[in-house]
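Peer 1: Dumping the structure here so I can ask a few things about it.
Values in this text are rule-based calculations from the coordinates and carry no lab data. Keep in mind it's a predicted model, so treat the numbers as computed, not measured. Here Cβ is always computed from backbone atoms with ideal geometry, including for glycine, and neighbour counts include all displayed protein chains.
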Amino acid sequence: MTSSNDCHFCKIVNNYRPSQIIYESAELIAFPSFDPIRESHTLIVTKEHFDYFDDLPKSISHNIIDLGQKIAKAQKMLYPVERVGFLYTGGDIAHVHAHIVPLFEKTDITSLQYIKDGNVEFKGPKEITPVVMENFDSVTKQLKSALEQI
């Protein structure tokens, strides 16, 4: 498994940075976003470091979509939403990751959450504090429980 020493997600995968794990397999890890658009906004990250989604082997890409669909179904069980957004962005951190966001509003995946000070500029990763981790605990437990039912 390759990784990058300065990659935010590689640090999480290799347990150098804490996170609340919703799902883990040999290839993937899923956890709540540190800067969520909506509650239960989840990230699916490859354990192996790939810079961009077009670098992915097809089998891993398929597994990300499969897990994304399961997480979307779990989010629909937990929240009154008809749709869940699934997207690869890659603009903020060069490590393949997908966002799964319950869509309460049509504009949720074009959220101003990603815009800093009125400029189109990506914010860096949020500092992981005990308060942040505590907030993830409830979402993590709910999503894990819902995923077990799918």
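Peer 1: Scan around Y23 for amide H atoms under 5 Å from its own, H built in the peptide plane at 1.01 Å from N, and keep only partners 5 or more places away or cross-chain.
Peer 2: When sequence neighbours closer than 5 places are left aside, the close amide H contacts are A30.
Peer 1: Determine ³J(HN,Hα), in whole Hz, for all residues of region 63-74 in sequence, where each value follows from phi through the Karplus function 6.51 cos²θ - 1.76 cosθ + 1.60 and θ = phi - 60°; x replaces Gly and Pro.
Peer 2: 5, 5, 5, 4, 5, x, 5, 5, 5, 4, 5, 5
Peer 1: Which FRET efficiency value, to the nearest 0.05, is calculated for D6 and L87 with the Förster distance at 30 angstrom and r the Cβ-Cβ distance?
Peer 2: So the FRET efficiency works out to roughly 0.80.
Peer 1: Next up: Kindly flag which residue pairs out of K11/K76; K11/K144; K58/K106; K106/K141; K47/K106 have an alpha-carbon separation exceeding 25 Å in this structure.
Peer 2: K11/K76; K58/K106; K106/K141; K47/K106
Peer 1: Calculate, in nm to one decimal, what S25 and S59 gain on full extension: separation in residues at 0.36 nm each, minus their alpha carbon distance.
Peer 2: 10.9 nm
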